[in-house]
Amino acid sequence: MKNFLAFIAVLVLGYMIVVSLDNNEAFPAYGEADVSSRVSQAFIDRTVTEDPGDIIFGQATNLESGPANIVTAIVADYRSFDTLGEVTVLFVSSLGVALLLGGKKQKRLELNFHPNFMLRVGSRALFGIILMTGVYIAIHGHLTPGGGFPGGAMIASSMLLLYLADDEFRAKIKGFKMLESFAGTAYVLIGLTGLLLGGYFLENLLDNGVIGDLFSAGIIPIVYVLIGLKVGSEISGIIDNFLTEEGV
Amino acid sequence: MEIASYIFMTIGGLFYLLGGLGILRMPDTFNRIQAGTKATTLGAFTLLIGIGFNNPEWFPKLLLIIVFIAFANPIGSSALAKASYKSCDLPDNLVQDDLIDLFGGKEDGLN
């Protein structure tokens, strides 16, 4: 039954691919493509003097791409598909670590030192501040330097601090795995929504808003927060795999 | 207000300078840790308070940074000091050794 369903799904997808590749607007026949309307040509043709209006922080609206941070505009808007690939690379690497080092029953690796009371309690106080900073950086990725990847790495570094400062600490790794798959699925679903309603994958459907606002730049903050959650939970999973061993 | 903020910032910079000088000039690891953390903790506090006088709307964030440094610097330096106690040679002119009960003593600076 399962095989049959998979066969049907493959057939339907194959039919959709053949139909969508068959001489329509997006995929014209060989030799008939209008190259001048393609993305690369559009950006090569662009000049700086074409529309020299000033862009004022906190006032300008209806921009081509909403974020105030130009790096975010490139990473999470113009080549968001490539960023999806990067997130997948990280996912595959964490999967590889889990396959090599993870097992059914895991216990904490024995450290050859015992952290004292001050280190254990103090690092818990620090954990909150580091976690908050990481979340802040991930949420403000479209306004300030940073974004999902550094924010996620910072979230994971707070987990690493707890792992190193307390020799009995063990994170609830199942929650991380669920968070990771939720974030990845949501990213792809946002992309598919753009394909369905707008016309291409990961199209920025929402309103760009006023540049510099927290709620601006359409789907970019949503995508970057999802990337932050995914990166943070993935690297935390890798840390957990490295600091545990098989046993009860 | 502005003059006060610059005075605070100058004091902070001076403490940083003294801390860096201490790291260069102190004779052994433990003294260097002391110079590096004590001086820079106070230096960072005064520097951040000076910035806060200049830009009062940043004060909550600066307060958070001060809390972070107030936790991170002493804890990190104590962990560093313990690790160097376990792995480095102790200085010859040591007067008191409070950690000797905790680690069961050291023989010839090894182990």
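Couple of notes before you dig in:
- Evaluation of A:Gly199 against the conditions (1) open to solvent by 30 Å² or more (accessible area, probe 1.4 Å); (2) in a helix (DSSP H, G or I); (3) of a type in the set (Gly, Ala, Ser) shows that the sole unmet condition is (2).
- Restricting the first member to region B:44-55 and to residues that are polar (S, T, N, Q), and the second to residues that are outside any helix (DSSP H, G or I) and at pLDDT below 90, the beta-carbon pairs closer than 8 Å and six or more apart or on different chains are B:Asn54/B:Met1.
- Among the residues listed as A:Ile222, A:Ile235, the single one being surrounded by 20 or more Cβ atoms within 10 Å (Cβ to Cβ) and hydrophobic (A, V, I, L, M, F, W, C): A:Ile235
- Which numbered condition A:Ile137 fails, given (1) modelled with pLDDT under 85; (2) within 14 Å of chain B (Cβ to nearest Cβ): (1)
- Some residue of region A:134-142 being open to solvent by 40 Å² or more (accessible area, probe 1.4 Å) and under 30 Å from A:Val39 (Cα atoms): yes
- Considering residues of region B:36-90 that are not in a helix (DSSP H, G or I) and not hydrophobic (A, V, I, L, M, F, W, C) only, the residue nearest to the other protein chains (Cβ to nearest Cβ): B:Asn55
- For B:Gly36, the test of being within 23 Å of A:Ile130 (Cβ to Cβ), open to solvent by less than 40 Å² (accessible area, probe 1.4 Å) and out of contact with any Gly (no Cβ under 9 Å at 6 or more places or on another chain) is failed.
- Screening A:Asp82 on (1) open to solvent by less than 40 Å² (accessible area, probe 1.4 Å); (2) without any contact (Cβ under 8 Å) to a residue 24 or more places away in the chain shows it passes everything except condition (1).
- Here A:Ile155, A:Ile190, A:Ile211 are screened, and the one residue that is in a loop (DSSP other than H, G, I, E, B) and within 24 Å of A:Asn69 (Cα to Cα) is A:Ile211.
- Test for B:Phe30: is it closer than 24 Å to A:Ala165 by Cα and either open to solvent by 30 Å² or more (accessible area, probe 1.4 Å) or away from every other protein chain (no Cβ under 14 Å) (or both): yes
- Verdict on A:Ser157 being within 14 Å of chain B (Cβ to nearest Cβ) and either in contact with a Ser or Thr (Cβ under 8 Å, 6 or more places away or on another chain) or open to solvent by less than 40 Å² (accessible area, probe 1.4 Å) (or both): no
- A:Lys105 meets the conditions (1) in contact (Cβ under 8 Å) with a residue 24 or more places away in the chain; (2) of a type outside the set (Gly, Ala, Ser); (3) open to solvent by 50 Å² or more (accessible area, probe 1.4 Å); (4) within 14 Å of another protein chain (Cβ to nearest Cβ) in every case but one. The failed one is (4).
- Within the set A:Ile190, A:Ile173, the sole residue that is within 20 Å of A:Thr83 (Cα to Cα) and surrounded by 15 or more Cβ atoms within 10 Å (Cβ to Cβ) turns out to be A:Ile190.
Conditions tested, residue by residue: (1) part of a loop (DSSP other than H, G, I, E, B); (2) open to solvent by 60 Å² or more (accessible area, probe 1.4 Å); (3) over 21 Å from A:Phe242 (Cα atoms); (4) touching a residue at least 40 places away in the same chain (Cβ under 8 Å).
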{"site": "A:Leu99", "(1), (2), (3), (4)": "no, yes, no, no"}
{"site": "A:Pro115", "(1), (2), (3), (4)": "yes, no, no, yes"}
{"site": "A:Arg120", "(1), (2), (3), (4)": "no, yes, no, yes"}
{"site": "A:Ile129", "(1), (2), (3), (4)": "no, no, yes, no"}
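The values are calculated or read from the model by the stated rules, or taken from the named source; none is laboratory data. Every value quoted in this text rests on a predicted model; they were computed, and no experiment measured them. When we count neighbours, we look across all protein chains shown, and the Cβ atoms used for this are built from the backbone with ideal geometry, even at glycine. Heavy atoms of the whole protein, side chains included, go into the accessibility calculation; ligands, DNA and RNA do not. Shrake-Rupley method; radii C 1.70, N 1.55, O 1.52, S 1.80 Å.
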